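J.: Structure provided below as structure tokens; questions to follow.
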Amino acid sequence: MNQTVIWILLAGAMIIVAVLLFNMYQENLYRKKIRAQFGHSNRDALMEDGINQIRDGKSFRQPENIQFEEAKDNTEIHLDEPSSSENNEDAIPFSPKRTPKTTPILQAGDNAEQDTYQFSDITLPDLDRTHTQQKLLVDLNELQKTELSWFHPSVDYRAFISLPVACELPTMPRLSVDRRRITLIGNTPDGNFQKADPIPGVYYQAFVVGLQAISRAGLVSRAHLEEFNDKVNEFARQVNGTILLTDIDEFLKNARLMDDLCSRVDQVIALHLMSDNTIAGTELRSVLEKHGFTLSSNGAFYFHKDENIPLFKAVDIEDKPFTQTLLAAQSYRGVSMLFDITSVPPGAGFFNQFMDLTVRISRDLDLTLVNDKLEELSIQWLERVGDYISERQAEMKAARIIPGSELSKRLFA
């Protein structure tokens, strides 16, 4: 064998080694990307040790039983005990913006600590009566006890206004604070409640004004509630009304519990379907549509309970939007099937339907069901996921938040 042949063989071997190393490097980058998008890479495959919350970085605990003691007139939920800042008069109760956790790996701890969360009664002291001597058409104490479907006592901070003489609403008051959702409900002389609008000939004898204090933007601050009260006071003066305000400290005591619970249950279960090679976009779309998924303008496929209620979601495993053009022209590594705990109605049947669709799609496309570590999943793991979802949704229902309801949509929009 002459020297030229030896050099050629060495060069070929070096090229092969370089290709193998490059493929290993690409695979490692891909694994890191999947983990960053859909889960935590620093935990056990069954989440024995828990994971970190996106909002506050605190350890995520999963109590086996959470009991809620309904507060008189004002109640609702989410979990975790109030932080120590409650005892600090200078602390401003505020939570950073919350995003839903995408959780491909879940398991309740075997020795989860059992906690009981109690909501105290919220009193409504008369903080500002602009006309204390006038006779009111609606008693303020009775007004604050009225249950209205537009509000939840531990989610919506409320102010109550009663008038001595029924009047039209001249213009919509500017009550917005910190871009929070404001709801103005009017009580007409015939005793009906409706959303108040400045319509000629429509008179109101009382108003209930609510500020949604909890959302994915976090918990509203004390300063913003005080600003809201100032604006509502000004509105009451404009309509010559008398006002009753919810006590801020009592409201925030319950709202913190609710906000913590919202942060806890705000999770999306992700199951990944991976191909050994790639899937043609046309084939992927054909199979998803065959099983009832439709492509949305936001770049994801949705499976609907009916025309208006999306249940499940399918997205590109690399988190790139699907479009008709791209699906017709390129291939994909896989698809992630998403189950939003807060938006899918309660009931084991929905998770069973989700799993049935996932298995059928994986078979039709010859895909492997894996977790964020690209490890194949077992039947036992999937059963635990179903139990986990049932437990989280049971916590929501105990707090009078029905998954998929209008209140749930408000909290997790």
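J.: Would you pick out the residues in segment 182-199 that are surrounded by 15 or more Cβ atoms within 10 Å (Cβ to Cβ) and part of a loop (DSSP other than H, G, I, E, B)?
T.: Thr188, Ala196
J.: So, in segment 170-189, exactly how many residues are closer than 21 Å to Leu136 by Cα and at pLDDT 95 or above?
T.: 6
J.: Checking the conditions here, which among Phe339, Phe303, Phe312 is more than 18 Å from the chain's Cα centre (by Cα) and either among the aromatic types (Phe, Trp, Tyr) or in a helix (DSSP H, G or I) (or both)?
T.: Answer to the check: Phe303.
J.: When you scan segment 363-385, do you find a residue that is surrounded by 15 or more Cβ atoms within 10 Å (Cβ to Cβ) and either under 21 Å from the mean Cα position of the chain (by Cα) or without any contact (Cβ under 8 Å) to a residue 24 or more places away in the chain (or both), even just one?
T.: yes
J.: Still on this model: For Glu226, indicate whether it is under 23 Å from Ser343 (Cβ atoms), acidic (Asp, Glu) and either at pLDDT 95 or above or not in a helix (DSSP H, G or I) (or both).
T.: Considered against the rule, which asks whether it is under 23 Å from Ser343 (Cβ atoms), acidic (Asp, Glu) and either at pLDDT 95 or above or not in a helix (DSSP H, G or I) (or both), Glu226 comes out as no.
J.: For segment 155-179, which residues satisfy the criterion of being loosely packed, with under 15 Cβ neighbours inside 10 Å and either within 35 Å of the chain's Cα centre (by Cα) or under 18 Å from Leu245 (Cβ atoms) (or both)?
T.: Once the filter is applied, which keeps residues that are loosely packed, with under 15 Cβ neighbours inside 10 Å and either within 35 Å of the chain's Cα centre (by Cα) or under 18 Å from Leu245 (Cβ atoms) (or both), segment 155-179 yields Thr171, Met172, Arg174, Ser176, Arg179.
J.: Phe207 fails exactly one of the following numbered conditions: (1) surrounded by fewer than 21 Cβ atoms within 10 Å (Cβ to Cβ); (2) within 20 Å of Leu137 (Cα to Cα); (3) touching a Gly at 6+ places or on another chain (Cβ under 8 Å). What is the number of that condition?
T.: Phe207 satisfies all of (1) surrounded by fewer than 21 Cβ atoms within 10 Å (Cβ to Cβ); (2) within 20 Å of Leu137 (Cα to Cα); (3) touching a Gly at 6+ places or on another chain (Cβ under 8 Å) except (1).
J.: What do you reckon, is Ser286 more than 30 Å from Glu168 (Cβ to Cβ), more than 19 Å from the chain's Cα centre (by Cα) and without any contact (Cβ under 8 Å) to a residue 40 or more places away in the chain?
T.: The answer is yes for Ser286.
The values are calculated or read from the model by the stated rules, or taken from the named source; none is laboratory data. Here the structure is a predicted model, which means the values were calculated and not measured. Counting neighbours? That spans all protein chains shown, and the Cβs are built from the backbone with ideal geometry, glycine included.
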